[in-house]
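Accompanying notes for the structure given below.
Since every read-out is calculated from the coordinates, none of them should be taken as a lab result. Because the structure is a prediction, the values reported are computed rather than measured. Quick reminder, even Gly has a Cβ in these numbers, built from the backbone with ideal geometry, and neighbours come from all protein chains shown.
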Amino acid sequence: MKISPPDNRKPYICCHSCRLVCRRSQKTSGLKMRCPRCGAMLHYRRRYSVHRTWALIFAAYIFYIPANVLPITNVVSLGKKQSDTIISGVFYFLDTGMWPIALVIFVASILVPLFKLIILTGLLISVRKRSTRYLRQRTLLYRLTETVGRWSMLDIFVVTILVALVRLGTIASVEAGPAAIFFAAVVVSTMFAVSSFDPRLMWDAAERCHDGRKK
Amino acid sequence: MNSERQKPKPFLISCPECDLLHKIGFLHSGGAACCSRCGAVLHRYKKNSVARAMALAVTGVILFVVANVYPFLGFRMSGQIHHSNLVTGVLELYGQGMWMLATLVLATTILVPALQLAGMVYVLLPFFLGLKLPKRLSVYRAVIHSHPWCMTEVFFLGILVALVRLSKLATIIPGMGLYAFMALMFVLAHISAFTDPHLIWSHGEKDL
């Protein structure tokens, strides 16, 4: 299983932090190099990009199930305890006629994490197959997951505020449920997965194909 | 400040998304250089970027202190009033045994924004005072890498959703801290839009 591209194809290497373009020579290709400007380690591509992204995505898929099944809040009011999952929270807003908020929660906490996982899985498979099709569209999808991902933290923050505000003991109080931890784990691991995936791997396949045709 | 007035030298940049090498020359006001292959924005012309970013960073520091010190939200139900601060939610979560969740919320709403503001002030100070500060570019690197974890705007949307949910149960009294936090959200969003990373990296290069 060979995933990483050949390391010595291009005569330059770009710093991942400050984006300084450095010349690379055959002599230094095997050594660890640091960026002369900002001091970050220089890598041709993000290290173990595909492996790390797969691992984080699998973890996120697993966390996604308890996050949706277990209760995210436990509301205690006048001695009665009521548990809410993410989906029952959406239905609560739908029943009370506040559908815009129901839509916001549904998109941010159910659709966005799921789409992020599906998109990243698709991108990883395309890198594995060295696909050269729809490169621009795939790059666009990657950019989309990068910008939209943080909004799924919404539900965690809603729970935090409810917990902070409603604390009247037995009259009314809110506790965070176990799903909150799993949901936070989904968001954090997908965010790390997005940042460990290297979109340049997709373009490497195209360049390899292009070089092959020239010969 | 001189480096900004001089005509910028052309420089090489490799596209962060598809690794195509580009040479960036002179950009007109408001212009942006995009990758010719994948369309990613490579570099943007920003007028007075250092002065504007510094002004926003200092504003942000003041707003941050106000948002954390003054009461955030009040909650009135059956004659009782409870005031809460920005950290109250974190402390309550910690008290319920959810320390992982508490750490995550603390990091994304308080620690990372604080790092962003203090870091930007530290990075931009040498442009005005002409002094050398140690580890300046490492600080800027930390600011850039922690940026996705600065979630003030998401937190604010969370506040709105929670308030709508509670509006039938009780009366909510917005405090001074909430207004400061709202302003802080806009300031933090604009700091990164106003800074010109290339200018900071190339200015820091001279210190080395």
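About its Cα centre, the dipole of chain B is roughly 500 debye, where the only charges are +1 on Lys and Arg Cβ and -1 on Asp and Glu Cβ. Between the beta carbons of A:Thr170 and B:Thr103, assuming R0 = 25 Å, the FRET efficiency works out to 0.30 to the nearest 0.05.
The label-point distance for B:Lys23 and B:Val66, in a model that sets each label 7 Å from Cα toward Cβ, rounds to 4.9 nm. The charge dipole of the range A:155-215, taken about its Cα centre with unit charges on the Cβ atoms of Lys, Arg (+1), Asp and Glu (-1) only, comes to about 340 debye.
Checking every one of the trypsin sites (Lys or Arg not before Pro) in the range B:109-158 against DSSP loop status and a limit of 16 other Cβ atoms within 10 Å picks out B:Lys132, B:Lys135. Its relative contact order, with pairs defined as Cα atoms under 8 Å and 6+ residues apart, puts chain B at 27 percent. Just grab the label-to-label distance for A:Asp95 and B:Ala51, each label 7 Å out from Cα along the Cβ direction, in nm (one decimal). Roughly 5.9 nm, to one decimal.
Pairs with C-alpha atoms separated by more than 27 Å, drawn from the list B:Lys47/B:Lys206; A:Lys32/A:Lys129; A:Lys116/B:Lys47; B:Lys23/B:Lys206; A:Lys81/B:Lys168; B:Lys47/B:Lys132, are A:Lys32/A:Lys129; A:Lys116/B:Lys47. If the segment from B:Leu169 to B:Ile81 were pulled out straight at 0.36 nm per residue, it would be longer than the present Cα-Cα gap by 30.4 nm.
Between B:Ala183 and B:His145, the simple label model (points 7 Å from Cα in the Cβ direction) yields a spacing of 3.3 nm. Relative contact order of chain A, taken over Cα pairs closer than 8 Å and 6 or more residues apart, is 29 percent.
Sites listed here are trypsin sites (Lys or Arg not before Pro) in the range B:40-120 whose DSSP assignment is loop and whose Cβ has at most 14 other Cβ atoms within 10 Å: B:Lys47. On the basis of the beta-carbon distance and an R0 of 45 Å, A:His210 and A:Val69 show a calculated FRET efficiency of 0.40. Averaged over the residues of A:130-137, the number of partner chain Cβ atoms lying within 10 Å of the residue Cβ comes to 1. Applying both filters, DSSP loop and at most 10 other Cβ atoms within 10 Å, to the chymotrypsin sites (Phe, Trp or Tyr not before Pro) of the range A:170-205 eliminates every site. If the chain linking B:Leu111 and B:Ala193 were pulled fully straight, counting 0.36 nm for each residue of separation and taking away their Cα-Cα distance, it would gain 27.5 nm.
Take each residue in A:150-156, count the other chain C-beta atoms within 10 Å of its C-beta, and the mean is 6. Per-residue shielding of B:140-153, expressed as the average number of other chain Cβ atoms within 10 Å of the residue Cβ, stands at 3.
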